[in-house]
């Protein structure tokens, strides 16, 4: 019979996890995984997963991508022991998915709400906490913290059956975290959520991964979700693996170069066009002013409404990560925290941070020159600046001709004033 | 849970209604109380059985159908524990309902007892034949004597040349069976015109020093009936040779009904044997205590009504234990409607098991009708197989015993535990194995 972890066990576990993350065996491994669904007469009808080889390493956010019916949920259900493979091998934490001993370390958010409709939010979380045999005081503390995290503290007395889909999803996420899992499996986590909920979940995934070293397996067909948070992705189609690799590597388009500058006059743009044409005999494909994303605009509006304390029977904005989730991070938490804060400050784009009308900052000419002249030295900076980057797999900077950029940087003195 | 609520409400409405509407034979208080006990206990037993099956089948299949199980099965809970939890939940609810409904029936029966009886005999019947716990000993032919009689008959037939010395086994078997039946019938029949037959009830647990009363309950088989439809008999109860108390009674009992002769416990001998000699005073009709509608039985008090009632409820609970395990087993691999139908089928076969046994015994023996041979063989094998697999629920039905004020003994209770609770455990283990092996997110395309 499994028991809740003691603090000593947690500390020992998290310490061991950090030290051996690179050498540690994969959290999830499938070899030649195949799942065939049969009809009533046991005739094979649908090959949902076909010869899938996957390896999810400790501490990474792994995305399973694919259109509807591509085998994402089937793969997840096999990993959870809800389905059995027709062929191939599966190991989660080095054991069979049906092994009850590993369930203590897994949190699962299914693609729909499978919660008891007659329980309220607090009872729901308490019930799932009991299944992990968490001690009562610990359970109560976690329930309250999770309710705060998902913004349902004020609605905790309502039955889950009365919740909107998004609210039920939030409670589903909270129950997936009640045991402070090492592996978090999220099946279409943002389905039915409003943009704020979506942003929170993405933020949460990043936080859990960065601050607490949680391994996250995320399945979605919403590409923006995956792109924003996943370190590695696997694209499935027809049950087969179509692409597998580092997200940034897969998404980078090496045949194009993108330059983002402050607002330029049409004459300047023309000069740039001519420089590019003269130097490399290439065309500028598009020049446009980027607009704010609707998601960011929406979040800002709702946040303002919350600050005005406008009443709502729906979910509130939610709080930060519950304290207990950090319990397994152990004594290395400060180091990770400092790294995260450094990454945050470095990742914040300068134009967004500056209020409109304020003096524009000087172009970081030295930095760009350094990047151009010594491409191999870009690695540490890039690793810190981009939250999607993993330390184990640094992405090489996109190739660029230094002379072109130098020519662009040699701006006339009058433009610096504007 | 809505099903449970409907059943509970129906029981809560019907049980009190029965107490005030049932009239029995319209005359005696005894028959009114007996009919109330019979209807209410049967109804409670039937409703709780159905409720248990519905709950067991629906609770598990509902979890699977609505996919609630997806969030349970990924938690560190072995599936057998989940099933055990389901079973325990149903059993706790059953226990509560059984105590509630049983208490209500007991209370109403006690209330009915306070109503005025028709006469002293009625009052005596209520006290001594309903609100009591009596042991019953049925009159059975002495097997040793019958077997000796059969051998003697065979020898005589062979001496007379009506049966070969070395007959073929089938003929010999048939001849033996015929003679056995003949001798049994003869033993249980009192010849007419002053014919006498002596019967013995043995191994009685009676304190012969007490003022306890013994009841001899009997009814003649309907084959032969006196012209005036009244049996005229003389009874000599007790053994003068063993110096027990001897009672001589003259009875005039209506044919076709059970009649009771009451004798003191002092008539029983020291070795616990009661001798009953009956003289048939009818000139033409033989009084036969045979068949389903005839027979003789000795009843004597063993304990009180209260504890007997509790043991009867325990017997019912054993049935519910079995049905809950059965429903969970069925729903561990079947959907709700199919699991429900399968469980109900087993339930009704179990209830009709006594009838099924009798039907098998009464089917034509193999070889008697060659045209029906294969069909007969198949049906026999099927029926015998079902009888082996499905426990006899009718044998665990305490209602007739409670209505007649008979004791629900601990041996009976023990046998029921062996017959129902042990198989329930086996069913539970089987359900756990199946449920553990089952793909909970399976899709049949």
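Quick note: the coordinates plus some simple rules give every number you see, no bench work behind them. Keep in mind it's a predicted model, so treat the numbers as computed, not measured. Here the Cβ is made from the backbone with ideal geometry for all residues, glycine too, and neighbour counts use every protein chain on show.
Starting from the Cα of residue A:140, step 7 Å along the direction of its Cβ; do the same at residue A:284; then give the gap between the two resulting points in nm.
6.6 nm
For the stretch B:65-126 and the stretch B:188-206, what is the separation of their Cα centres, given in Å?
Centre-to-centre distance over Cα atoms comes out at 44 Å.
Between 0 and 90 degrees, rounded to the nearest ten: what's the tilt of helix B:373-389 against the longest Cα principal axis of chain B?
The angle comes out near 70 degrees.
Give me the Kirkwood hydrodynamic radius of the stretch A:176-231, using the inverse of the mean 1/r over all pairs of distinct Cα atoms, in Å to one decimal. Walk me through the numbers on the way to the answer.
On the way: mean 1/r = 0.0876 Å⁻¹.
About 11.4 Å for the stretch A:176-231.
Taking Rh as the Kirkwood radius, which is the inverse of the mean 1/r over Cα pairs, what is the Rg/Rh value for chain B?
Numbers: Rg = 26.8 Å, Rh = 25.6 Å.
Result for chain B is an Rg/Rh of 1.05.
If you wrap the stretch B:179-336's Cα atoms in a convex hull and average its projection over all directions, what's the area in nm²?
Details: hull surface 58.9 nm².
If I average the Cα hull's projected area over directions, I get 14.7 nm².
I need the semi-axes of the equivalent ellipsoid of the stretch B:238-308: take the C-alpha gyration tensor, multiply each eigenvalue by 5, square-root it, list largest first in whole angstrom. Kindly include the intermediate steps, with their values, before the conclusion.
Working: eigenvalues 118, 80, 24 Å².
Semi-axis lengths for the stretch B:238-308 are 24, 20, 11 Å.
For the stretch A:146-207, just list the percent of Cα-Cα distances falling in each 10 Å bin from zero outward, please.
That works out to 21, 59, 20, 0, in percent per bin.
Note down the relative contact order for chain B as a percent, whole number, built from C-alpha pairs under 8 angstrom at least six residues apart. Walk me through the intermediate numbers first.
On the way: 666 pairs, mean separation 99.1, N = 445.
Averaging sequence separation for qualifying contacts and normalising by length gives 22 percent for chain B.
Once you compute Rg and the Kirkwood Rh from C-alpha atoms, what is the Rg to Rh ratio for the stretch B:116-245?
1.09
Relative contact order, percent, of the stretch B:146-304 when contacts are C-alpha pairs under 8 Å separated by at least 6 residues? Kindly include the intermediate steps, with their values, before the conclusion.
Details: 308 pairs, mean separation 52.0, N = 159.
Relative contact order for the stretch B:146-304 comes out at 33 percent.
Specify, per residue and in Å³, the volume enclosed by the convex hull of the alpha carbon atoms belonging to the stretch B:188-272.
Normalising the Cα hull of the stretch B:188-272 by residue number yields 103 Å³.
Based on Cα coordinates alone, diagonalise the gyration tensor for the stretch B:63-104, multiply each eigenvalue by 5, take square roots, and list the semi-axes in whole Å, largest first.
Working: eigenvalues 175, 25, 6 Å².
Largest first, the stretch B:63-104 gives 30, 11, 5 Å.
For the stretch B:211-250, evaluate the Debye formula with one uniform point scatterer on each Cα (no solvent term) and list log10 I(q)/I(0) at q = 0.17, 0.29 Å⁻¹, rounded to two decimals.
-0.65, -1.11
Given the C-alpha atoms of the stretch B:20-108, compute the convex hull and give its volume per residue in Å³. Walk me through the intermediate numbers first.
Numbers: hull volume 8.7 nm³, N = 89.
Cα-based convex hull of the stretch B:20-108, divided per residue, equals 97 Å³.
What's the angle, to the nearest 10 degrees (0 to 90), between helix B:2-21's Cα axis and the longest principal axis of chain B?
30 degrees
Provide the descending list of Cα extents for the stretch B:59-180 along its principal axes, expressed in whole angstroms.
82, 59, 21
How well do other chains shield peptide A:74-85, expressed as the mean number of their Cβ atoms within 10 Å of each residue Cβ?
Numbers: counts 2, 0, 1, 7, 2, 1, 5, 6, 10, 5, 5, 0.
That works out to 4 on average.
Compute and list, largest first, the equivalent-ellipsoid semi-axes of the stretch A:153-286 from the alpha carbon gyration tensor, each √(5λ) rounded to a whole angstrom.
Working: eigenvalues 348, 78, 38 Å².
Ellipsoid half-lengths, sorted descending, are 42, 20, 14 Å.
With an 8 Å Cα cut-off and a minimum separation of 6 or more residues, compute the relative contact order for the stretch B:226-362 in percent.
On the way: 118 pairs, mean separation 24.7, N = 137.
Once divided by the residue count of the stretch B:226-362, the mean separation gives 18 percent.
Tell me what chain B gives for mean residue ellipticity at 222 nm when only DSSP H runs of n ≥ 4 count, each as -39,500 (n - 2.57), the sum divided by the residue total, rounded to 500 deg cm²/dmol. Show your work: numbers first, answer last.
Values: 14 runs with 236 residues, N = 445.
Per the formula, -18000 deg cm²/dmol.
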